[in-house]
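For reference, the structure is listed below as structure tokens.
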Number of protein chains: 2
Amino acid sequence: MSCHQLAPVVGDLGGNCELIAETLSSAAAGGSDVVVLPELATSGYVFASQEEAASVALSAAEVIAQCAMALSGSTTVAVVGFCERGEDGLLHNSAAIVDADGGLAVYRKTHLWDAEKLVFTPGSAPPPVVPTAAGKVGVLVCYDLEFPELTRQLALAGAELIAVPTNWPLFDRPAGERPAETMIAMAAARTNRVFVACCDRTGVERGQRWTEGTAIVDRDGWVVAIPGADGTAVAELDLGLARDKAISPRNDVLDDRRPELYQAVVHGGEVSQIP
Amino acid sequence: MSCHQLAPVVGDLGGNCELIAETLSSAAAGGSDVVVLPELATSGYVFASQEEAASVALSAAEVIAQCAMALSGSTTVAVVGFCERGEDGLLHNSAAIVDADGGLAVYRKTHLWDAEKLVFTPGSAPPPVVPTAAGKVGVLVCYDLEFPELTRQLALAGAELIAVPTNWPLFDRPAGERPAETMIAMAAARTNRVFVACCDRTGVERGQRWTEGTAIVDRDGWVVAIPGADGTAVAELDLGLARDKAISPRNDVLDDRRPELYQAVVHGGEVSQIP
């Protein structure tokens, strides 16, 4: 599988779509079975206004058609972030899961980050788990990953890989530490025994720098690939290994759950349900 | 606050209790407001049999009395892992939260690790959040920490610090990486904007080595203290800062949750509830 840390140009719909198509074609030709691209790869991220975002929005059908064509003749599955214009005209920060035959699912980001709230309508459906030739792929977008409820429910639903198109704004971090978002991805992978592939972007956009934190994480929670000089992170993964949740002779990260105890705590001797 | 990476001796109940009392007295005299000790600090960990564990088990009342006496004259709160004999004779891997006036809560580990399942009965109550002079303290024990449901529910219930007595068996990890358990603690801290204090142990016990991974983690998810040469990790924390869950002008890690979307996924176009 591969993650491609592209540098879309805000507002350049034609150029970005061309970059996406070239990247998908090339990755498919190279034999990558699962290809993850950044969040909002079609449009860029730092919009000056909702109107600007609307001017470069595409319908899911348009994105799916373009990506499927780029993948034609391959069995590659692609996860591509895009700026979606819904049937109702609302804008969504979405990810399309596509193969050469067409769309497998479209997910609308459900947890919006900061100024995205001024532009996008959050999704009203939970994230998908999509059976593919390579394995079962769950999808989240960027800040969604920071909600352990979502990574857990994707694992419970059978996701073997969680693909996460992202645009991670660069923040300071202590020397020697991985980006905070990567650390969260690692913990999500390990606590759920799933593979996680985060595809970040690069390129300064209207002064905004990016973490360039693209990382493929194995089910033990360790980073097994980051981008090379060409911006591409590549890993050979056997996604089926994620079906084994055992972590000791007597432990299984999902079977060990105690759902009857969750959503409650003890306060001063009394058990309270969490609202 | 402080975490004291002790080396209890398996089966040496008297010696271990003396070590605990000395540690608590000294930490309280030194002005530590919250003191965290390891899991099973009274008994050691690598039991040869359930009978051996039973032979060094104490009632919660006994542990609370000893710890309260060691803390007398202070306002220090201690979180101490111990091998508990319940009223019904069953053994539990427990943590007592104690101050000079007595017990504030007793928590029985709800997620048992490996051979612990041969010795202990898991707790049947959710973890507590205890109001203390230093702030609201939630408690988990070791492997509990790897269930994001628990850290989330403690944060939702108002915990500002999650204290985690642990005995982390040493596992290999890639060069340059923090222990996996630390990485999970960091992600839990950051995604919930709470402080987390994990107190591990040291000393080889029946061939078992320990991670010696004691770490105090701030609400941004960064490690702010690990043990010095004396085995003690010390940090000055304003626990009240954990009440602020904002992480951007428009984001709050708890308010941003979408509970209506959790426990469901989309499978091939159909939304399914997770059993």
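Every number here is computed from the coordinates shown, using simple stated rules; none is lab data. Everything numeric in this text was worked out from a predicted model, so none of it was measured. All Cβ positions, glycine included, derive from the backbone under ideal geometry; neighbour counts span all protein chains shown.
Remarks
- Label spacing, shortest first and in nm, from B:L156 to its equivalents in the remaining copies (7 angstrom along Cα→Cβ): 1.1
- Each other copy places its own label point for B:S248 at 3.9 nm from this one, sorted shortest first, where the point lies 7 Å along the Cα-to-beta carbon line.
- Count Lys and Arg as plus one, Asp and Glu as minus one, and take only other residues whose Cβ is under 12 Å from that of A:H4; the net charge is then -2.
- Mean separation of Cα contacts under 8 Å, 6 or more apart, over the residue count of segment A:107-231: relative contact order %: 19
- Neighbour-limited loop hits for GluC sites (Glu not before Pro), segment A:1-75 (at most 14 other Cβ within 10 Å; DSSP other than H, G, I, E, B): none
- Helix A:13-29 axis versus longest C-alpha principal axis of chain A: approximately 70°, rounded to the nearest ten.
- Averaged over the residues of peptide B:175-188, the number of Cβ atoms from other protein chains lying within 10 Å of each residue's Cβ is 5.
- Distance between modelled label sites at B:A61 and A:D88, nm, 7 Å Cα→Cβ extension: 6.2
- 0 to 90° range, to nearest 10: angle between helix B:180-192 axis and chain B longest Cα axis: 50
- Choice from A:K109, A:K117, A:K245 with maximal GNM fluctuation in chain A (Cα, 10 Å cutoff): A:K117
- The GNM of chain A, with springs linking C-alpha atoms under 10 angstrom apart, assigns the highest mean-square fluctuation among A:L161, A:L91, A:L37 to A:L91.
- DSSP-assigned coil residues among GluC sites (Glu not before Pro) in segment A:135-232, each with at most 15 further Cβ atoms within 10 Å: A:E177
- Using the Cβ-Cβ distance between B:V204 and A:L118 with R0 = 51 Å, the FRET efficiency computed as 1/(1 + (r/R0)^6) comes to roughly 0.35.
- Teacher prompt: B:A54 distances to equivalent labels in other copies, 7 Å Cα→Cβ, nm: 7.5
- Based on Cα contacts under 8 Å between residues 6+ apart, chain A shows a relative contact order of 17 percent.
- Folded to 0 to 90 degrees: helix A:60-70 orientation relative to chain A principal axis, Cα: 80
- Of A:A225, A:A133, A:A163, the residue with the greatest mean-square motion in the GNM of chain A, using alpha carbon springs below 10 Å, is A:A133.
- If only the Cβ of Lys and Arg carry +1 and only the Cβ of Asp and Glu carry -1, the dipole of chain B around its Cα centre is close to 540 debye.
- Net +/- balance of residues flanking A:V164 in space, Cβ distance below 13 Å, scoring K and R +1, D and E -1: -3
- Net dipole in debye of the protein assembly as shown [+1 Lys, Arg Cβ; -1 Asp, Glu Cβ; about Cα centre; nearest 20]: 180
- Cα→Cβ-extended label distance, 7 Å offset, between B:E260 and B:E51, nm: 6.0
- In segment B:212-275, Cα pairs under 8 Å separated by at least six residues give a relative contact order of 15 percent.
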